[in-house]
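Worksheet for the structure shown next.
Every number in this text was worked out from the coordinates using simple rules, so none of it is lab data. The model shown is predicted, which means the values in this text are computed figures rather than measured ones. Here the Cβ positions follow ideal geometry from the backbone for every residue, glycine too, while neighbour counts run over all protein chains shown.
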Number of protein chains: 2
Amino acid sequence: MRLSTKGRYAVTAMLDLALNGQDGPVTLSDISENQGISLSYLEQLFAALRAKNLVRGVRGPGGGYFLGREADEISIANIICAVDEWVEFTRCQGREDCRGGQRCMTHNLWDDLSRQIYEFIEEISLADLVSRGQGGGHGCHKEKPAGIQDDLSEQAA
Amino acid sequence: MRLSTKGRYAVTAMLDLALNGQDGPVTLSDISENQGISLSYLEQLFAALRAKNLVRGVRGPGGGYFLGREADEISIANIICAVDEWVEFTRCQGREDCRGGQRCMTHNLWDDLSRQIYEFIEEISLADLVSRGQGGGHGCHKEKPAGIQDDLSEQAA
DNA sequence: TTATATACTTAGTAAAACACTAGGGATTTG
DNA sequence: CAAATCCCTAGTGTTTTACTAAGTATATAA
């Protein structure tokens with residue numbers, strides 16, 4: 001499972017599409033302006049999204065993009081997998097000696113964790129995010145969730 | 001939240017440490033052999049892990065590494081944050097016009113999602129992974145969780 | 001029918017990250 | 001002292017990231 005800024009760009013763009021695509025298609029220029037992502041980079045991302053049928057393009061003036069299916073039928077995992085290319089990189093696919101099972105054990109543990117994370121974001125749809133945004137009032141200033149990285153050095157014995 | 005192969009290397013190495021560190025320290029050479037990670041790269045990863053007190057090094061012959069605290073006190077999030085450097089990249093920290101709240105909305109939605117994923121892996125400890133590995137019998141061959149990437153193009157209307 | 005606005009495509013590129021090699025130094029054991 | 005280990009710094013080829021540039025294809029509108 002890979003989860004990087006590229007995936008965030010894609011999710012952000014799809015969110016923009018879900019929020020603004022109610023009345024007519026949304027142009028990439030709009031998303032580019034709205035979200036501060038370069039137009040050409042968006043075009044590359046949308047090429048990948050289109051390949052997975054997550055968006056549908058309409059050409060010509062007045063054109064733009066629609067979601068490829070209903071917002072509640074598009075999971076965050078769908079989006080991230082479309083642009084971030086699931087990387088499977090276990091080296092001991094049956095071959096190699098696996099150090100008496102020891103090596104494979106950690107590999108399997110990682111794969112379990114990886115699958116858990118995948119299943120987690122698989123369950124979250126674009127519609128979930130949108131309805132959550134409309135329900136709870138969000139301020140513009142957000143801060144890092146409390147104690148994510150800086151307190152780790154202190155709390156050790 | 002970033003989750004890449006680098007984080008996997010770190011989690012894998014920590015798992016190795018948790019599994020083999022019961023009787024004496026584990027050397028990086030051992031982990032390097034066990035997990036197929038280059039020694040020098042491991043040293044770099046462990047520099048980061050040590051900085052967060054997630055591991056404790058013992059020098060000299062017979063030395064190696066111990067976990068910095070109990071395995072149930074080390075979360076996967078701790079490990080990944082130590083090596084993968086939490087990237088905060090919202091560009092509208094109060095400044096910029098935020099397009100009438102529209103832009104910030106998607107940003108906040110992403111931040112919520114990001115926090116959810118973080119809290120998810122925050123709840124999984126090294127000890128959890130180890131006990132899970134000992135309980136359920138894992139074969140050596142693992143396959144990609146069914147239908148992760150290839151079925152997306154077909155299931156669209 | 002010509003101009004324009006959009007989607008689509010390909011090529012290139014600077015910067016960063018990744019994973020590694022190389023070469024040492026510091027510290028502890030025997 | 002010698003060896004094994006941790007520890008540190010610098011460099012390097014490859015890949016990824018995010019972008020620029022320069023087009024082509026298609027649909028709308030004057």
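Structural remarks
- Size estimate for region B:1-84 follows the Kirkwood approach: the inverse of mean 1/r over distinct Cα pairs works out to 12.5 Å.
- Here B:Ala127 yields copy-to-copy label distances, from shortest upward, of 4.1 nm, the label point defined as 7 Å from Cα along Cα to C-beta.
- At most 16 other Cβ within 10 Å, DSSP loop - GluC sites (Glu not before Pro), region A:1-78: A:Glu70
- In region B:1-67, the trypsin sites (Lys or Arg not before Pro) that fall in loop regions by DSSP, at most 12 other Cβ within 10 Å: B:Arg59
- Closest approach to the axis carrying B onto A, counted by Cβ on chain B and given in whole Å with its residue, is B:Leu3, 2.
- Rounded, prolate or oblate (a/c below 1.5 giving rounded, otherwise prolate when a/b exceeds b/c) for region A:1-43 by Cα gyration tensor: oblate
- Calculated FRET value between A:Phe66 and B:Phe120, using beta carbons and R₀ = 41 Å, to 0.05: 0.85
- Peptides B:111-122, A:19-30 ranked from most to least packed give B:111-122, A:19-30, packing being the mean of other C-beta atoms within 10 angstrom over each peptide's residues.
- Shielding score for B:111-117, defined as the mean number of other chain Cβ atoms within 10 Å: 6
- Gyration tensor verdict on region B:38-90 (Cα atoms; rounded if a/c is under 1.5, prolate if a/b is larger than b/c, oblate otherwise): oblate
- Taking region A:2-68 and dividing mean pair separation by its residue count, relative contact order in percent (alpha carbons under 8 Å, at least six apart): 34 percent
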